[in-house]
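What follows is a single structure, written as structure tokens, with notes after it.
The values are calculated or read from the model by the stated rules, or taken from the named source; none is laboratory data. No experiment lies behind these values; they were computed from the predicted model shown. Please note: Cβ atoms are built from the backbone with ideal geometry, for glycine as well, and neighbour counts cover all protein chains shown. These accessible areas exclude ligands, DNA and RNA; they are computed on the full protein's heavy atoms, side chains included. Shrake-Rupley method; radii C 1.70, N 1.55, O 1.52, S 1.80 Å.
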Amino acid sequence: MTESNSEHAGTAVMEPGDGPMVRVSGLRRSFGSGAAAVHALRGVSFEIPRGELVALKGRSGSGKTTLLNLVGGLDSPDGGSITVDGTELAGLGEKGLLELRRDRIGFIFQSFGLIPILSAAENVGVPLRLRRTEPRVREERVALMLALVGLADHAAQRPGELSGGQQQRVAIARALANRPALLIADEPTGQLDAETGVAVMELLRAVVRSEGVTALVATHDAQLLDLADRVLELRDGEIVEH
């Protein structure tokens, strides 16, 4: 363990690069209390090796988004532990979680989440601006990411001038801009037609390979599940591996 990690010595921090990308153990999360409580997660445990694209399936309301939010540090569990890229989330304060999300996790949402008044290139560059990346380096990375998702010729267009599939490609490029170790996608093809959805999922699989990223993707589309390296199913608050 390096000196830079010594302040987290009590939180089981490993060096980035050691062990699985994601390790979840005994995770519990409930909403409400008493007889009306909804137990979304009941002792969920699983690991995701580095470099895999793992699909998370489950019926609507099964807790997929809850699980993704917990792994991404957007919510806190009632019990259990989560380790991402060697760091146990429970040992991080709000500042530490913010840095983790900014520097090591990329998020892709069903709603795209693009800023309407910005061009495709400007949207992709937002995470780099937040890290105060030097302009020349930022521009090079933005151009590379847009080329990677097949949108080099659409850099100057705003979201309203792009199709749904193109907007989601911009969102993927933006999520990858900071070179995250983990990519979390919540129903990324939910607003797309079947053909475009498959194309976007194939793109995700390709960029996982080319960028060396690990991905956890929630989806209910059977066609998309076939493109994953592994499928986890949430059923009655527990994980079933396929």
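Sub-9 Å Cβ pairs linking a first residue in region 76-102 that is free of Cβ contacts under 8 Å to residues at least 40 places away in the same chain to a second residue that is of a type in the set (Phe, Trp, Tyr), at least 6 apart or interchain, are Arg101/Phe107, ordered by first then second residue.
You will find that of Arg42, Arg59, the residue that is assigned to a strand (DSSP E or B), of a type outside the set (A, V, I, L, M, F, W, C), open to solvent by 10 Å² or more (accessible area, probe 1.4 Å) and modelled with pLDDT under 95 is Arg42 and no other.
Only a single criterion out of (1) crowded, with 17+ Cβ neighbours inside 10 Å; (2) not small (Gly, Ala, Ser); (3) not in a helix (DSSP H, G or I) is not satisfied by Gln167, namely (3).
Do you know which of the residues in region 102-149 that are part of a loop (DSSP other than H, G, I, E, B) and closer than 26 Å to Met21 by Cβ is most open to solvent (accessible area, probe 1.4 Å)? So the residue we want is Arg131. For region 214-242, a residue qualifies if it is within 13 Å of Gly190 (Cα to Cα) and surrounded by fewer than 18 Cβ atoms within 10 Å (Cβ to Cβ), and the qualifying residues are His220, Ala222, Gln223.
Determine whether Gly91 is small (Gly, Ala, Ser), touching a His at 6+ places or on another chain (Cβ under 9 Å) and either at pLDDT 95 or above or surrounded by 14 or more Cβ atoms within 10 Å (Cβ to Cβ) (or both). Spelling it out, Gly91 is indeed small (Gly, Ala, Ser), touching a His at 6+ places or on another chain (Cβ under 9 Å) and either at pLDDT 95 or above or surrounded by 14 or more Cβ atoms within 10 Å (Cβ to Cβ) (or both). Going through (1) of a type in the set (D, E, K, R); (2) assigned to a loop (DSSP other than H, G, I, E, B); (3) on the phi < 0 side of the Ramachandran plot one by one, Glu233 falls short only on (2).
Listed conditions (1) under 29 Å from Glu202 (Cα atoms); (2) assigned to a loop (DSSP other than H, G, I, E, B); (3) of a type outside the set (Val, Ile, Thr) are all met by Ser76, apart from (1). Only one of the numbered conditions (1) without any contact (Cβ under 8 Å) to a residue 40 or more places away in the chain; (2) in contact with a helix residue (DSSP H, G or I) (Cβ under 8 Å, 6 or more places away or on another chain); (3) under 30 Å from Gly61 (Cα atoms) is violated by Glu139, and that is (3). Remark: pairs (first residue in region 221-238, over 25 Å from Arg42 (Cα atoms); second residue surrounded by fewer than 18 Cβ atoms within 10 Å (Cβ to Cβ) and hydrophobic (A, V, I, L, M, F, W, C); Cβ separation under 6 Å; 6+ apart in sequence or on different chains) = Gln223/Val198. For the condition touching a residue at least 24 places away in the same chain (Cβ under 8 Å) and part of a helix (DSSP H, G or I), Ala199 qualifies. Tell me, yes or no, whether region 174-195 has at least one residue that is over 27 Å from Thr66 (Cβ atoms) and assigned to a helix (DSSP H, G or I). Yes, there is a match, as at least one residue in region 174-195 is over 27 Å from Thr66 (Cβ atoms) and assigned to a helix (DSSP H, G or I).
Given the criterion surrounded by 15 or more Cβ atoms within 10 Å (Cβ to Cβ), at pLDDT 95 or above and within 26 Å of Gln223 (Cβ to Cβ), identify the matching residue among Leu176, Leu192, Leu182.
Of Leu176, Leu192, Leu182, the one residue that is surrounded by 15 or more Cβ atoms within 10 Å (Cβ to Cβ), at pLDDT 95 or above and within 26 Å of Gln223 (Cβ to Cβ) is Leu182.
Within region 62-79, the set of residues being among the small types (Gly, Ala, Ser), open to solvent by 20 Å² or more (accessible area, probe 1.4 Å) and within 16 Å of Thr219 (Cβ to Cβ) is empty.
Apart from one condition, Arg50 fits all of (1) modelled with pLDDT under 90; (2) closer than 20 Å to Glu211 by Cβ; (3) basic (Lys, Arg); the exception is (1). Take the conditions (1) touching a Ser or Thr at 6+ places or on another chain (Cβ under 9 Å); (2) in a strand (DSSP E or B); (3) not charged (D, E, K, R); Gly19 misses just one of them, which is (2).
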